[in-house]
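Heads up, the thing below is written out as structure tokens.
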Amino acid sequence: MSKENSVRQKHCDVVVIGAGPAGLAAASQASGAGAQVLLIDQSLRPGGQFWRHASEEHDADPGRWHHGWNTYTQLAKVLERAIGTGRVEHLSGHHVLTGERTGTGLGLTVQPVPELADGVRGLITVEAPAVVLCPGAYDRQLPVPGWTLPGVMAAGGVQAFIKTQGAAPGRRAVLAGTGPFLLSAAASVIQAGGEVAAVCEAADLTGWVPHGVAAALVPSKGLEGAEYISLLAKHRVPYLRRTAVTAIHGEQRAEKVTVSRLDRHGAVVAGTEKHFNDVDLVGLGWGFVPQSELVVQFGAQTRIDIDGSLIGVVDTRQHSSVEGLYLAGEITGVAGATAAVAEGRIAGYAAAWMAGYRVRGARQAAAAQRDKILRANHRAFARAMHTAHPLPAGWESWMQEETTVCRCEEVPYHRIRESTETLSAQEPRGLKGTTRTGMGWCQGRICGAAAICLAKSSGDQRKEQAARAVAKRPLAAPVRLSDLAESRAQTRPLKAP
Amino acid sequence: MSETITLSVDGEEITIEPKRTVAAALMLAAERPAWRRTRFNNEPRGLFCGIGVCFDCLVTVNGEASLRACLIPAEDGMVIETSERGTR
């Protein structure tokens, strides 16, 4: 953790934001080309959410919880060497609050993550000609009655817990939502010694059939899926297709789960309820939301991806519409870690090139060609996956009047309905103003997907406007006013770095 | 580094493995699925997103309020205060 309070301004050739698969690859490529790289990451250890792990001091074999761990260890080794030679500075435990175009390049303000900083709070400003933004994604959520009960978690949160703690956050779990990630999360629970009562998949999986060719392009994904399926079969875990968790029950915590069959529009089929008793952990995940606030802050061009996510538009070099701003990983479309690494390398190379560090040669050309093929194949696979695992259009059929939509501001479903029906709050900003949906601590990160659906934002352009409104946050990470005031007071004379 | 560390949770001492986050310590060692009540409905809340996005798991650590329990590595001698004493 960097604690030099006196250093308030930093300059470098390339800033990489995020030390997950894309960011690590970008930092390694850019520094390898000779650029001076500043790698900024929220966590203390590199790896991002995908390779989140305990320190080796606490877990001698963190690789057992992971896929592609060899890729991580190789990237981590390169990073360590580059840190050793001074080519990379790793600013861990820091988050980026703002990003903007300056007269001469791109500017960022950065702050220590309060939870990791031991009271250190000063802002750091960074300026560079090139920024590679690799912010990753978090679980997409749909509300369901009882989802605020303790014991109900994001599916990705369940897996993150297991990867760092080596233990499951509950004894007996139900995983529900849509997408192959549910299988991965269920496998983690079993591996950590927990029991999985059921995996509920809202899709019927026939959506994969017309995309068999795309799936065949990425055999590793098929293999990974087969591993999960066989592990679940071995533990006799029911994999319930076209089924959703439609209510979670309990007094002080989750105790029992109701699941229902969905029709082909994703609406609940009445009379098909089944109950799972003695469940103390529910993991919910409906795909992923790329962290797009910095893209929106920079003013880069965005679009709605096939899964409904707001993503940044990039060219073949991963360059956005803003000069010097490169994007890699989930922010250009949720496609997983292998695509992210390939994109990270492409972006890191291009960013270093832009900053004046130019590597040519046959080896580089061949490597770049491999990355482009990897990227194309994994993007095709991701399109097939998103098509086969849509958000169920009829999800509102399991909502009850009192079901909480916005967890922070405790806004119930009926209040949102009143607002959209009588006050014509036809977009998330209107909902915010009339109901406070999305105004709490998380700034609409958790309820944003639901708010976009509920505000009846239809049509791609309306949807993009709605998603941009949700992602428009003046600060990319929540900051306490006292910290800002303190930082202002501290921004007295700047010592040269 | 010792095999275990000790934290104070609402005045009660708990002994945990050193790799725990504060959230994991509360859930696994203190058997506390919830450690906060909401403003309006007084509902119990605990860990939800697990990765610092949702702010449901807020807790007071060493006198500093509103910190995300999922992000904080537990340290020996840490004083944790919740607004949810003894809810099981």
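Tilt of helix A:155-165 relative to the longest C-alpha principal axis of chain A, in degrees (0 to 90, nearest 10)? With both axes taken from Cα atoms, the answer is about 60 degrees.
Here the range A:148-299 is treated as a Stokes sphere of Kirkwood radius computed over C-alpha pairs; at 4 °C and 1.567 mPa s its diffusion coefficient rounds to 79 µm²/s. The apolar share of the surface of chain A, taken as the fraction of accessible area on carbon and sulfur atoms (1.4 Å probe, ligands and nucleic acids excluded), comes to 52 percent.
Summing charges over neighbours of A:ALA27, with a neighbour being any other residue whose Cβ is under 14 Å away from its Cβ, gives -1 when K and R count +1 and D and E count -1. Remark on A:PHE288: its backbone amide H falls under 5 Å from those of A:ARG140, a criterion applied only to residues 5 or more positions apart or on other chains, H modelled at 1.01 Å from N.
What ratio of Cα Rg to 2.2 N^0.38 Å holds for chain A? After normalising by residue count via 2.2 N^0.38 Å, the value is 0.96.
Considering only A:VAL282, A:THR316, A:GLY329, the residue lying farthest towards the positive end of the dipole of the range A:275-403 is A:THR316, judged by Cα position with unit charges set on Cβ. Its Cα gyration tensor gives the range A:307-384 an equivalent ellipsoid, and the semi-axes of that ellipsoid, as √(5λ) in whole Å with the largest first, are 22, 16, 8.
With helices as the sole contributors, the protein assembly as shown gives -9000 deg cm²/dmol at 222 nm; each DSSP H run of n ≥ 4 counts as -39500 (n - 2.57), and the sum is divided by every residue. In this rough spin-label picture, where each label sits 7 Å from Cα along the Cβ direction, the A:SER321-B:ASN62 distance is 4.6 nm. Chain B and chain A together bury an accessible surface of about 3500 square angstrom, both sides counted, with a 1.4 Å probe and no ligands or nucleic acids included. What's the whole-number percent of alpha carbon pairs in the range A:95-238 lying beyond 27 angstrom? Taking all Cα-Cα pairs of the range A:95-238, the fraction more than 27 Å apart is 45 percent. Across the range A:376-381, rounded Karplus estimates of 3J(HN,Hα) from the backbone phi angles (6.51 cos²θ - 1.76 cosθ + 1.60, θ = phi - 60°) give 5, 5, 6, 5, 5, 4 Hz, Gly and Pro being marked x. When Rg is the radius of gyration of the Cα atoms in the range A:401-448 and Rh is its Kirkwood radius, what does Rg/Rh come to? Radius of gyration relative to Kirkwood radius: 0.93. In this Cβ point-charge picture (+1 for Lys and Arg, -1 for Asp and Glu), the protein assembly as shown has a dipole of about 1480 debye about its Cα centre.
Assuming charge only on the beta carbon of Lys and Arg (+1) and of Asp and Glu (-1), the dipole of chain B about its Cα centre is about 420 debye to the nearest 20. Computed with a 1.4 Å probe on the full set of protein chains, the accessible area for A:LEU108 sits at about 10 Å².
Which angle from 0 to 90°, rounded to the nearest 10, does the C-alpha axis of helix A:337-354 make with the longest principal axis of chain A? That helix lies at roughly 30 degrees to the long axis. Here A:TRP441 sits with roughly 110 square angstrom of accessible surface, probe radius 1.4 Å. Given R₀ = 22 Å, FRET efficiency for A:GLN191-A:ILE83 by Cβ-Cβ distance, to 0.05? Working from the Cβ atoms, E equals 0.10. Computed from the Cα positions only, the extents of chain B along the three principal axes stand at 43, 25, 22 Å, in decreasing order. Projected onto their three principal axes, the Cα atoms of the range A:295-447 cover extents of 63, 33, 23 Å, largest first. For A:GLY283, nonlocal amide neighbours, meaning residues 5 or more places apart or on other chains whose placed amide H falls under 5 Å from its own, are A:MET153, A:VAL174, A:LEU175, A:ALA176. At an R0 of 60 angstrom, the distance between the Cβ atoms of A:ARG64 and A:THR422 translates into a FRET efficiency of 0.65. Within the accessible surface of the range B:37-88, defined with a 1.4 Å probe on protein heavy atoms only, the carbon and sulfur portion equals 44 percent. Counting only alpha carbon atoms, the long axis of helix A:460-471 and the longest principal axis of chain A meet at about 70°. With θ taken as phi - 60° and the Karplus curve 6.51 cos²θ - 1.76 cosθ + 1.60 applied, the whole-hertz 3J(HN,Hα) list for the range A:364-370 is 4, 5, 5, 5, 5, 5, 4 Hz, x standing for glycine and proline.
Here the 3J(HN,Hα) profile of the range A:228-241, calculated from phi with Karplus coefficients 6.51, -1.76 and 1.60 at θ = phi - 60°, is 4, 4, 6, 5, 5, 5, 4, 8, 6, 8, x, 10, 8, 7 Hz, Gly and Pro shown as x.
Taken over the alpha carbons of the range A:359-399 as equal point scatterers, the Debye sum produces base-10 log I(q)/I(0) values at 0.18 Å⁻¹ of -0.65.
A dipole drawn for the range A:81-132 from +1 and -1 charges on Cβ atoms has a positive end, and of A:GLY84, A:THR125, A:GLY103 the residue lying farthest that way is A:GLY84. Placing unit charges on each Cβ (+1 for Lys and Arg, -1 for Asp and Glu) gives the protein assembly as shown a dipole about its Cα centre, and among A:GLY344, A:ALA362, A:ALA376 the Cα reaching farthest toward its positive end belongs to A:ALA362. Once the chain from A:MET439 to A:GLU402 is taken as fully extended at 0.36 nm per residue, the excess over their C-alpha distance is 11.4 nm. The Rg/Rh ratio for the range A:51-127, using Cα coordinates for both the radius of gyration and the Kirkwood hydrodynamic radius, is 1.06. The mean sequence distance of close C-alpha pairs (under 8 Å, at least 6 residues apart), as a share of the length of chain A, puts its relative contact order at 19 percent. Evaluating kT/(6 pi eta Rh) at 20 °C and 1.002 mPa s, with the Kirkwood radius of the range B:49-88 over Cα pairs in the Stokes-Einstein relation, gives 198 µm² s⁻¹.
The values are calculated or read from the model by the stated rules, or taken from the named source; none is laboratory data. Note that the coordinates shown come from a computational prediction; the quantities given were computed from them, not determined experimentally. All Cβ positions, even for glycine, are placed from backbone atoms using ideal geometry, and neighbour counts span all protein chains on display. Ligands, DNA and RNA are stripped out before the accessible areas are found, and what is left, the full protein with its side chains, is counted by its heavy atoms. Shrake-Rupley method; radii C 1.70, N 1.55, O 1.52, S 1.80 Å.
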